[in-house]
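Encoded as structure tokens, the structure appears first; notes follow it.
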Amino acid sequence: MLVVVGRIGRPHGIRGAVSIEVRTDEPDRRFSVGSRLLSDSGRELVVTSSTWHSGRLLLTFEGYDDRNAVEQLRNQVLSVDRPDD
């Protein structure tokens with residue numbers, strides 16, 4: 001079962017970081033380095049860094065190394081696959 005955990009916001013800086021609108025009560029777990037997230041366009045995104053900056057969560061993803069690359073991800077919803085209980 002897919003569970004929505006966030007939405008990608010605007011790029012932050014020039015090195016490929018994006019702000020995240022958090023929609024989970026476990027952001028440190030869901031967005032930890034190595035986490036695999038599924039975007040609503042079907043892309044699997046692997047978190048390479050996760051940090052809090054001025055109350056906002058900033059992430060970088062494997063293969064998205066600059067501002068122009070992550071701009072295409074803006075406004076996409078992020079989900080995780082959680083096994084049914």
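Considering segment 59-73 alone, what residues qualify as being surrounded by 19 or more Cβ atoms within 10 Å (Cβ to Cβ) and either of a type in the set (S, T, N, Q) or over 20 Å from Val3 (Cα atoms) (or both)?
Correct list: Thr60, Tyr64, Val70.
Quick one: would you say Gly34 is more than 20 Å from Pro83 (Cα to Cα) and in contact (Cβ under 8 Å) with a residue 12 or more places away in the chain?
For Gly34, the condition - more than 20 Å from Pro83 (Cα to Cα) and in contact (Cβ under 8 Å) with a residue 12 or more places away in the chain - is not met.
Restricting to segment 56-85, give me the number of residues that are part of a loop (DSSP other than H, G, I, E, B) and not charged (D, E, K, R).
Matching residues across segment 56-85 total 6.
Taking the condition basic (Lys, Arg), assigned to a loop (DSSP other than H, G, I, E, B) and touching a residue at least 12 places away in the same chain (Cβ under 8 Å), does Arg7 pass?
no
Restricting attention to segment 5-30, and to residues there that are of a type outside the set (Val, Ile, Thr) and touching a Gly at 6+ places or on another chain (Cβ under 7 Å), which single residue is farthest from Glu62 (Cα to Cα)?
Arg23
Here, each number is a calculation from the coordinates, and none is a lab measurement. The structure presented is a predicted model; accordingly, all values stated were derived computationally and were not measured. FYI the Cβ positions are ideal-geometry reconstructions off the backbone, even for glycines, and counts take in every protein chain you see.
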